[in-house]
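> There's a structure below that I have some questions on.
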Amino acid sequence: MPPVTLARFLIEAERNNHVISADLRFLVEVVSRACKAISIAIGKGGLADVLGSAGSDNVQGEAQKKLDVISNDILLEANEWGGHLAAMASEEMEAPHLIPHRYPKGEFLLVFDPLDGSSNIDVNISVGTIFSVLRCPEGVEAVDEKVFLQPGTQQVCAGFAVYGPTTLLVLTFGDGVKCFTLDREFGHFVLTQDNMRIPEETKEFAINMSNARFWEPPVQRYVDELLAGKTGPRGQDFNMRWVASMVADVFRILTRGGIFMYPLDSKMKDQGGKLRLMYEANPMAMIVEQAGGLATTGRERILDIQPTKLHQRVPVILGSKHEVERVTAYHRD
Ligand code: AHG
Ligand code: MN
Ligand code: MN
């Protein structure tokens, strides 16, 4: 059987199963092309003028890297002309990006984190792109921030790319999780995992331990129990990994299980967490649930949250089912 390219997979999904429409197929093709372009830009590294700071801050008050800006521009330019979108929104832009009048408009909204893990760019560690697709509510005359404020359960597609030793694209349309690998010689993505499943049990956790003194008691308790290992209440040793690129940590969990936490802590209480709901937590939560895992804030299911702002932040606890259930139960105690 010849390799199944992304193009073929999408056409068959449209033709046979009616999982997706022609417009959604086109949207995913365009996003995948943009990810390819971002992968090429990142791959140039020190050979081109792409590393280092852009000298500006984004709406979150975070210093932008040149590649944050380059990746954002690549996604905007790729997606504005095709007629498949009503608007886009990004981590790197305060307000939604409307489709210029010279182009037709479509039914979808695209929200993205153009470059996730940007603190890792300059040190040659995996980074990625995260995206979420929503439907623009019918009858909307003027598109503004409000049309984006839909719970994650409304996502019609979610995905992320990892620019690591290989460039990967992980996708869900709500019927399982597929992984495609970029074939650099042919220049296309090829289906390499048809049905990613997160093992329910795990001995691996991911959290930034330097924040331990700021965590809430349920997370302190949970991590203390993991650290106590064989002689503690869990009766087994646990291992820790923290890449500081959510895309890489989530991909590892999709592959061999684990739990990822960026919980609420006392230094970020006012902002509600570190990770952004619309373009980090929601797409990752949809993918993780579709792979048999769970994603909560500790208090509620991430996909059920009704967003109030485009750049809203939330605590994130996701991964192997039994571990996420346990931390969430500790929050209830
Ligand atoms: P971004 O680069 O898009 O701002 O996101 C970085 C996020 C996420 O990828 C990662 O898990 C986390 O921030 C790392 O945070 P710390 O540096 O606090 O560990
Ligand atoms: Mn990010
Ligand atoms: Mn980012």
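The values are calculated or read from the model by the stated rules, or taken from the named source; none is laboratory data. What you see is a predicted model; the values in this text were computed from it and never measured. Ideal geometry is used to build each Cβ from the backbone, glycine not excepted, and the neighbour counts take in all protein chains shown. Please note that ligands, DNA and RNA were not included when accessible areas were found on the heavy atoms of the full protein model with its side chains. Shrake-Rupley method; radii C 1.70, N 1.55, O 1.52, S 1.80 Å.
> Just the number, please: carbon plus sulfur as a percent of the accessible area of the range 88-128, 1.4 Å probe, no ligands or DNA/RNA counted.
52 percent
> Of the cross-linked pairs Lys44/Lys309; Lys66/Lys146; Lys36/Lys105; Lys65/Lys267, which ones have a Cα-Cα span greater than 32 Å in the structure shown?
Pairs exceeding the cut-off: Lys44/Lys309.
> Next up: Take every Cα pair under 8 Å in the chain that's 6+ residues apart, average their separations, divide by the length, and report that relative contact order as a whole percent.
15 percent
> Measuring from label point to label point, each 7 Å out along Cα→Cβ, what is the Ala329 to Gln60 span in nm?
3.2 nm
> If you build a Gaussian network model of the chain, linking Cα atoms that sit under 10 Å apart, which residue out of Gly176, Gly46, Gly257 swings the most?
Gly46
> Which distance in nm do the two modelled labels at Leu149 and Ile40 give, with both placed 7 Å along the Cα-to-Cβ direction?
4.0 nm
> A further question follows. Taking the Cα-to-Cβ direction at Trp81 and at Ser21 and moving 7 Å from each Cα, how far apart do the two end points lie in nm?
Reported label-point gap for Trp81 and Ser21 is 2.3 nm.
> How many Å² of accessible area per residue for the chain, probe 1.4 Å?
43 Å²
> Sort out for me the Cα centre separation of the range 7-21 from the range 193-268, rounded to whole Å.
The range 7-21 and the range 193-268 have Cα centres spaced 36 Å from each other.
> With the full set of protein chains in place, find how many percent of the accessible area of the range 204-332 is carbon and sulfur; take the probe as 1.4 Å.
49 percent
> Follow-up question, since we're still on this one. Apply the Karplus parameterisation 6.51 cos²θ - 1.76 cosθ + 1.60, with θ equal to phi minus 60°, to every residue of the range 272-277 and state each ³J(HN,Hα) to the nearest whole Hz, in sequence, with x for glycine and proline.
Going residue by residue, I get x, x, 9, 7, 8, 5 Hz, with x marking Gly and Pro.
> Pick from Asp249, Asp49, Asp23: which is most flexible by mean-square fluctuation in a GNM of the chain where alpha carbon atoms under 10 Å apart are linked?
Asp49
> Once you have the Cα-Cα distance between Tyr103 and Ser119, take 0.36 nm times their residue separation minus that, and quote the gain in nm to one decimal.
Extra length available between Tyr103 and Ser119 comes to 2.2 nm.
> Follow-up question, since we're still on this one. Under a GNM of the chain (C-alpha, springs under 10 Å), which listed residue has the highest mean-square fluctuation: Glu204, Glu280, Glu14?
Glu14
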